[in-house]
Each structure stands twice: as C-alpha cells, then as structure tokens.
Amino acid sequence: MVVVVSLGVFFRYFLNSALVWYDEFASYLLVWLTFYGAVVASHRRRHIGFEVVVDRLQPQTRRIFDLIGESFVLCFQAVLLYYGWLLTRKMGDETAVSLVWVKMSWIYSVLPIAGGLMFLISLNRLIDIVSTGGSQRGDDAAWSGSSSE
C-alpha cells in the first residue's frame, strides 16, 4: 500500500500527471490489510477486551466469562463468514471502476476468508476453554486487590 500511494504522489506532484487507479487500489489494499490484521490480532489475543476486569475474577468465574465471550465472538465470525460469502458470490463478475480487470468478488473475498480464519481461531479457543479450563492468561489466581500487581 505504501508503494502504491507513494507512486500516486510521485506521479501527481512530480510528473504532474495523476494516476486514475491508485486511490481506488490503495483503498482496497487498506481494507485487506485491516481484515488480515484483525486475523493476526485475533490469533495473538490483541483485540479489545476487559482484561482488567476479567483477570480479577476467580478462575471458575473467569472461565464462564471466557466461554460466554468466545461464544459471542464465534457467532460473529460465523455471520462474517456466511454473509461475506454471499456478498462475494453476489458481486460475481462486477469490476472495479478504474481497474476493469479487477473483479469485485476478489476484493470482497477478504470477508469470508478473514471470517473463516477468525472462526477457526475462535473455535479452537472455545474448545480449549471447554476441555482444559482455558487458563490462557497465565496464573489461575484471582486478583488480591494489591496495587503492586
């Protein structure tokens, strides 16, 4: 994306001849980077959460909250996968405005792919919570209330 935007800036300001396709293509790349970044963040457990609150719970209560939270995440990923697949199929042979060789179904395919990958990550995490207790956060001791922790 940096290369595409830099190329667009170079052509516009140094050659005084704007590229008609770079803005649209950079937007598509941003969408792809965002969704695949979300997959990586999901895998590394870097999405938004309430760790400050949940980590202070007793281990059994924490496990219940983890189970409920991961179940909601799994349902959302299933929705993203299913409706992303429907949208990708519906776009079919539509093409991008400035890049007629780029099919919009290629662009929208990031939805079911990212949704499917995050679905697998969440399913694996849910199985781990159910089967082993899911103590992924480290120790199983609840917060003692000390500010030094």
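Remarks
- Of residues in the stretch 22-67 being part of a loop (DSSP other than H, G, I, E, B) and in contact with a Gly (Cβ under 9 Å, 6 or more places away or on another chain), the one modelled with the highest pLDDT: Arg56
- Residue count for the stretch 5-21 satisfying the condition of being surrounded by 14 or more Cβ atoms within 10 Å (Cβ to Cβ) and within 12 Å of Ala96 (Cβ to Cβ): 1.
Condition check ((1) farther than 15 Å from Arg44 by Cα; (2) modelled with pLDDT under 90; (3) in contact with a Leu (Cβ under 8 Å, 6 or more places away or on another chain)) across all residues:
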residue: Ser109; (1), (2), (3): yes, no, no
residue: Gly116; (1), (2), (3): yes, no, yes
residue: Leu120; (1), (2), (3): no, no, no
residue: Asn124; (1), (2), (3): no, no, no
residue: Ile127; (1), (2), (3): yes, no, no
residue: Arg137; (1), (2), (3): no, yes, no
residue: Ala141; (1), (2), (3): yes, yes, no
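- Residue selection: Leu74 satisfies the criterion of being touching a residue at least 24 places away in the same chain (Cβ under 8 Å), surrounded by 11 or more Cβ atoms within 10 Å (Cβ to Cβ), among the aliphatic types (A, V, I, L, M) and under 13 Å from Ser122 (Cβ atoms).
- For the stretch 77-101, a residue qualifies if it is surrounded by fewer than 12 Cβ atoms within 10 Å (Cβ to Cβ) and either at positive phi or hydroxyl-bearing (Ser, Thr, Tyr) (or both), and exactly one does: Gly92.
- Sub-6 Å Cβ pairs linking a first residue in the stretch 32-52 that is touching a residue at least 12 places away in the same chain (Cβ under 8 Å) to a second residue that is of a type in the set (Gly, Ala, Ser), at least 6 apart or interchain, are Phe35/Ala114; Val39/Ala114, ordered by first then second residue.
- Put simply, of Leu117, Leu67 the only residue that is over 28 Å from Tyr22 (Cα atoms), more than 15 Å from the chain's Cα centre (by Cα), surrounded by 13 or more Cβ atoms within 10 Å (Cβ to Cβ) and aliphatic (A, V, I, L, M) is Leu67.
- Verdict on Ala26 being surrounded by fewer than 16 Cβ atoms within 10 Å (Cβ to Cβ), under 24 Å from Val3 (Cβ atoms) and without any contact (Cβ under 8 Å) to a residue 40 or more places away in the chain: no
The values are calculated or read from the model by the stated rules, or taken from the named source; none is laboratory data. In this text, all values refer to a predicted model and were calculated from it rather than measured experimentally. For neighbour counting, all protein chains shown are included, and Cβ atoms are generated from backbone atoms with ideal geometry for every residue, glycine included.
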